[in-house]
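Here the structure comes first, spelled out in structure tokens, and everything after it is commentary.
The values are calculated or read from the model by the stated rules, or taken from the named source; none is laboratory data. From a predicted model like this one, the values you see are computed outputs, not experimental measurements. All Cβ positions, glycine included, derive from the backbone under ideal geometry; neighbour counts span all protein chains shown.
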Ligand code: SD4
């Protein structure tokens, strides 16, 4: 004889199974919203203005690639932003050298590293992507390509940056401290009205770095990665540490495996911390932050320590958020 409780249980599971099964003609839940809700994320406080600039493209149904380029160009051209483009702090020889990269949802990529004299490295990166057979150019070759493609040669070292550099020369003490007072790289990721993702990342790198030093920002997979089937991610902070774990690509792969953008960013930060621990190095004075969106328009961020901010713009507004962090 079958117990009454068993009958009830079996009946209930049958109903649940029936409810879970899509009937013929029923639409399955879409993986990507039918009408994508555009969104833009960028690093640090200057991300707010950059987002507004990028939104001008998005709101006219423009594509996310144009949006991220336009957005970060605003910061590149601003002499008061001392860690990106014109007015950026120089290397220890007094030369402003810039790193940037750009990527779209179909894995089109362009990157430029250690570029001098050009205000908009992000546009040089895009030109490399669209007009050259390569994906990355560096140093003199990158400058030559830029000049041949209509970019103008300019002096990027402003009076303020030169003064700071001359002051630094007195001690020549190299401390790559990355925090809110010394905010850095602009990384921007966006989802447009057609559901396409893109990202851009641009920086003058660590102030007073060795000549020739390249950080994570122009390295596709480290400072930026976009996968149209998954999401978009960019990083800021101590580039050497981000390169060590191929940070942005790692976050993408975590999202591909089902993690939310925030959890994926957190997992990458945890791995970076673990690498510090294994090398018995202190994380003091080091900052790393990731921001991520998935192709549903969900977003998140995570940092190694307190003090990382990121800006989020969508149809409802443009807000600055404090990222959660791993260590005090
Ligand atoms: C670099 N990641 O050159 C850049 C610097 C940065 O916040 O983002 N600082 O290593």
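Here 85, 110, 94, 71 are screened, and the one residue that is buried (at least 19 other Cβ atoms within 10 Å of the Cβ), closer than 22 Å to residue 213 by Cα and in contact (Cβ under 8 Å) with a residue 40 or more places away in the chain is 85. Which is within 21 Å of residue 296 (Cα to Cα), in contact with a helix residue (DSSP H, G or I) (Cβ under 8 Å, 6 or more places away or on another chain) and modelled with pLDDT of 95 or more, of 98, 74, 41? When all the criteria are applied, what remains is 41. Just one of the listed residues (75, 57) is within 13 Å of the ligand (Cβ to nearest atom), part of a helix (DSSP H, G or I) and on the phi < 0 side of the Ramachandran plot, and it is 75. Counting only residues that are buried (at least 19 other Cβ atoms within 10 Å of the Cβ), part of a helix (DSSP H, G or I) and modelled with pLDDT of 95 or more, the stretch 135-189 holds 4 of them.
One line per residue, one yes/no per condition, for (1) surrounded by fewer than 18 Cβ atoms within 10 Å (Cβ to Cβ); (2) within 22 Å of residue 226 (Cα to Cα); (3) modelled with pLDDT under 95:
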| site | (1), (2), (3) |
| --- | --- |
| 241 | no, yes, no |
| 245 | no, yes, no |
| 263 | yes, yes, no |
| 268 | no, yes, no |
| 272 | no, yes, no |
| 295 | no, yes, yes |
| 299 | no, yes, no |
| 302 | no, yes, no |
| 314 | no, yes, no |
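Here the helices (runs of 4 or more DSSP H) wholly within the stretch 203-286 that include at least 2 residues being farther than 17 Å from residue 68 by Cβ, more than 14 Å from the ligand (Cβ to nearest atom) and touching a strand residue (DSSP E or B) at 6+ places or on another chain (Cβ under 7 Å) are 247-256, 261-278. Considering the stretch 43-54, the residues that are assigned to a helix (DSSP H, G or I) and within 19 Å of residue 203 (Cα to Cα) include one that is nearest to the ligand (Cβ to nearest atom), namely 47. Among the residues of the stretch 61-75, those identified as under 16 Å from the mean Cα position of the chain (by Cα) and farther than 13 Å from residue 42 by Cβ are 65, 66.
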